[in-house]
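Here is the structure we will look at, set down as C-alpha cells.
The values are calculated or read from the model by the stated rules, or taken from the named source; none is laboratory data. Bear in mind the structure is a predicted one, so any value in this text is a computation, not a measurement. All Cβ positions, glycine included, derive from the backbone under ideal geometry; neighbour counts span all protein chains shown.
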Amino acid sequence: MKKFKKIYVEITNICNMNCSFCPKTERKPKFMSTDEFSTVLEKIKPHTDFIYLHVMGEPLLHPDIGEILDICSYYDIEANMTTNGTLIKEKGDIILNKKALRQINYSLHSFPANTVNFTNEEYLNNIFDFIKKTDIEGRIINCLRLWNMESSLFSENALTFKLLKENFNTDIKIMRTDRNGIKLKDRVFLQQDKVFFWPDIKREPEFFEGKCFGLKSHIGILVDGTVVPCCLDSGGNINLGNIFDENLSDILQSERALNIVEGFRRNKRVEHLCTTCGWNFNM
Ligand code: SF4
Ligand code: SF4
C-alpha cells in the first residue's frame, strides 16, 4: 500500500481574501460536506496519518471546521492548517482544543497583498493573541509565514517585525529567504521567503527537467474529490481521478499517474503544468 507523508485535502476553495499573488481558481465554489470529508478520510487513512486542510480557499471559512477536526480525531489523523489568519479571532476558540490540530501556518504576507477594512495592527494582534492561547494548550505548533521578502516589500513588513519583537521579545535582524523557520519561542516559528509564483497551465513550458515530491511524498484532493499530484495544482489541471468514485489505490495506478511518477524518476516533467512550475524541491 502506497504511504504518503501527507495528503492535502481542500475543505473549501472559497476565500475571504483576494491576494494579488493568488492564482485564484475557476473551479465551482464549494464547501466539502462533513459526510464527504468522512468519506475522504476513510479512503485515505490507509495511505497517510497526516493531512493539510488546504489547497486553495480559507479553511476557517468552513462552517463545520470544528466537526472537520473531530472527524480527523476519529480517524486518528493529524491535521495541519494554512490560513490567512483573518478569521482567527472569530473562529479560534472552535479549533483551539481540537486534539487533531497539530500545526497552524499563518500567511502573514496575505495582508499587504489585499485592500481590507481593518488595520495590519489589528490583524497581527488577533493572530498573536490566539498564539498566546495555544501556549496554554501547549500542543499546537504555530508557523508565521512571511513569503514576501522582496526588498520592495521590506517597508510593508516593518510593522510586522516591530510587533513580533514586542510580542515575542525577539529582535529579528536576519532577513532570510530560505524558508527555514526561526524559533521565536516554544512552538512558534517565523518562516521567510520570496514571493511564490504558482505554476500556470496558461504559461509556456519552461522547466522540462526536474524531480518532484508530487505523488511521491504527497498528493492533493480538491474540494470536489478530484485527486491531483500536489498542492500547487490550483486549477485541478492534472486530474488523476475522483476519490468519491474510485479507490485511491486505483487512481494511483492510473496511466497518467504512473507516467508522472516515471517521468520524475527519469528527471523529466511530463505534464504541461509541471513544466511551468519553478518550485525548488532540493531532492
Ligand atoms: S488567502 Fe490564500 S486562497 Fe485566499 S486569496 Fe490569498 S492566496 Fe488565495
Ligand atoms: S512539478 Fe509542480 S505542478 Fe508538477 S507535481 Fe510537482 S509541484 Fe505539482
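Okay, here's what the table says:
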| read-out | value |
| --- | --- |
| In segment 5-16, residue farthest from residue 41 (Cα to Cα) [restricted to those that are part of a loop (DSSP other than H, G, I, E, B) and more than 11 Å from the chain's Cα centre (by Cα)] | 16 |
| All positions within segment 10-31 that are more than 16 Å from ligand 2 (Cβ to nearest atom), more than 25 Å from residue 149 (Cα to Cα) and touching a helix residue (DSSP H, G or I) at 6+ places or on another chain (Cβ under 9 Å) | 11, 12, 14, 31 |
| Residues of segment 231-280 satisfying the condition of being on the phi < 0 side of the Ramachandran plot, within 16 Å of ligand 1 (Cβ to nearest atom) and of a type outside the set (D, E, K, R) | 231, 232, 234, 235, 279 |
| Count of segment 17-30 residues which are over 12 Å from residue 234 (Cα atoms) and either at pLDDT below 95 or in contact with a Phe, Trp or Tyr (Cβ under 6 Å, 6 or more places away or on another chain) (or both) | 5 |
| Test: residue 264 is among the hydrophobic types (A, V, I, L, M, F, W, C), surrounded by fewer than 14 Cβ atoms within 10 Å (Cβ to Cβ) and farther than 15 Å from residue 27 by Cβ | no |
| Failed criterion for residue 144 (all others in (1) part of a helix (DSSP H, G or I); (2) in contact with a helix residue (DSSP H, G or I) (Cβ under 6 Å, 6 or more places away or on another chain) hold) | (1) |
| Residue match in segment 251-261 (condition: assigned to a loop (DSSP other than H, G, I, E, B), without any contact (Cβ under 8 Å) to a residue 24 or more places away in the chain and under 19 Å from residue 8 (Cβ atoms)) | yes |
| Any chance residue 2 is outside any helix (DSSP H, G or I), more than 16 Å from ligand 1 (Cβ to nearest atom) and either polar (S, T, N, Q) or more than 17 Å from the chain's Cα centre (by Cα) (or both) | yes |
| Selection count where residues are at pLDDT 95 or above, within 16 Å of ligand 2 (Cβ to nearest atom) and part of a loop (DSSP other than H, G, I, E, B), scope segment 32-72 | 2 |
| Selection from segment 98-142 of residues that are more than 15 Å from ligand 1 (Cβ to nearest atom) and under 19 Å from residue 55 (Cα atoms) | 100, 101, 102, 103, 142 |
| Residue within segment 85-92 that is closer than 23 Å to residue 237 by Cβ and not in a helix (DSSP H, G or I) present | no |
| Some residue of segment 10-20 being under 26 Å from residue 196 (Cα atoms), crowded, with 17+ Cβ neighbours inside 10 Å and of a type in the set (D, E, K, R) | yes |
| Members of segment 25-54 found to be in contact (Cβ under 8 Å) with a residue 24 or more places away in the chain and among the charged types (D, E, K, R), listed by number | 26, 27, 28, 30, 36, 42, 43, 45, 49 |
